[in-house]
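Peer 1: Let me give you the structure first, and then I'll get to my questions.
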Amino acid sequence: MKKKISITLNDHVIRSVDTLIDRLFIRNRSQAIEVVLKKTFDKNKIAVVLLGGSEEGLKIDGQYIPEVKIKDMPFIEKSIKQLREKNFREIFIIARKKVLESVFGIVKEGSNYGVHINYIEEQVTTNGTADSLRLLKHRVKDSFLVLFGDVLFEKIKIEDLWYSHLKNPNMATLTLTTYKNPLLKGEVFMEGDKVVGFNQKPKKKSENSFLVFSPIFICEPEVLEYSGSSLEEDIFPVLAKKGLLNAYVSSTQETHIHNKKDVQNANSNIKK
């Protein structure tokens with residue numbers, strides 16, 4: 001939610017602010033000042049890792065996904081290090097009790113990685129991604145990154161996603177990629193930089209879109225006010241219809257770790 005305020009600046013600062021206005025991404029002084037302030041606060045960006053759902057469903061060969069080794073490093077440790085490199089220092093991890101215990105055993109409170117990790121326990125009554133994310137309510141007050149905990153994201157340019165959201169703020173900015181079979185993912189329709197349609201795992205493919213949802217996105221806290229148990233099935237379609245969803249289109253795809261073969265492929269293809 002935006003609020004109108006009045007500020008006084010000297011002429012030199014105003015001229016500097018005006019140089020940022022390009023009439024495309026930054027259209028006026030208010031937006032330019034907002035971008036500058038958000039960049040100033042960039043050192044303490046917030047990231048949320050969703051690891052919800054059945055504990056047994058998050059196991060590969062008896063190990064929870066965060067424990068699985070990618071290039072001799074636990075998956076969650078690799079993710080935390082990569083987030084810190086992108087200046088995400090406040091990190092929330094949402095999962096059920098045993099998964100949280102597993103993660104804590106590896107990265108503790110995060111001080112060894114230059115971050116602060118908050119652990120939020122999901123209950124067995126939680127029904128979907130939106131229910132999980134809603135556990136953040138009253139805990140975050142600014143834009144935050146969300147990524148699913150089974151995703152290797154080193155190929156995705158998260159900084160570009162972040163600044164895309166800052167330059168053209170909306171309720172959320174979704175990462176989109178192309179995929180040959182949208183029936184397996186969320187089929188997305190765009191006009192300009194706006195998402196105008198979101199159809200999660202459609203039963204029948206449209207002839208018009210090969211764009212799909214990649215589970216890496218930026219949210220505003222107001223998203224947590226929307227009802228529905230699933231982001232993909234309940235909330236994103238509503239936001240799209242209201243013109244409240246932006247898109248960042250990536251030419252590279254994220255890597256999912258769901259099974260032993262995925263781990264083997266990642267260890268063959270992913271950099272240290």
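Peer 1: Do we find a residue being under 15 Å from Ile46 (Cα atoms) and assigned to a helix (DSSP H, G or I) anywhere in segment 85-98?
Peer 2: Looking for residues that are under 15 Å from Ile46 (Cα atoms) and assigned to a helix (DSSP H, G or I), one finds at least one in segment 85-98, hence yes.
Peer 1: Looking at segment 135-156, can you tell me whether even one residue there is farther than 25 Å from Ile235 by Cα and open to solvent by 30 Å² or more (accessible area, probe 1.4 Å)?
Peer 2: yes
Peer 1: Could you figure out which of (1) out of contact with any Ser or Thr (no Cβ under 9 Å at 6 or more places or on another chain); (2) modelled with pLDDT of 95 or more isn't true of Lys86?
Peer 2: Lys86 satisfies every listed condition except (2).
Peer 1: Specify which of the listed residues (Ile5, Ile26, Ile76) is of a type in the set (Val, Ile, Thr), at pLDDT 95 or above, out of contact with any Gly (no Cβ under 6 Å at 6 or more places or on another chain) and not in a strand (DSSP E or B).
Peer 2: Just one listed residue meets the conditions, Ile76.
Peer 1: Residues that are open to solvent by less than 60 Å² (accessible area, probe 1.4 Å), outside any loop (DSSP other than H, G, I, E, B) and of a type in the set (Gly, Ala, Ser): does segment 163-179 have at least one?
Peer 2: yes
Peer 1: May I pose another question? So which residues in segment 106-134 are open to solvent by less than 70 Å² (accessible area, probe 1.4 Å), part of a loop (DSSP other than H, G, I, E, B) and within 23 Å of Gln63 (Cα to Cα), if there are any at all?
Peer 2: Gly110, Glu122, Thr126, Gly128
The values are calculated or read from the model by the stated rules, or taken from the named source; none is laboratory data. Remember, predicted model here, so these are calculated numbers, not experimental data. Here the Cβ is made from the backbone with ideal geometry for all residues, glycine too, and neighbour counts use every protein chain on show. The accessibility values were calculated without ligands, DNA or RNA, using every heavy atom of the protein model including side chains. Shrake-Rupley method; radii C 1.70, N 1.55, O 1.52, S 1.80 Å.
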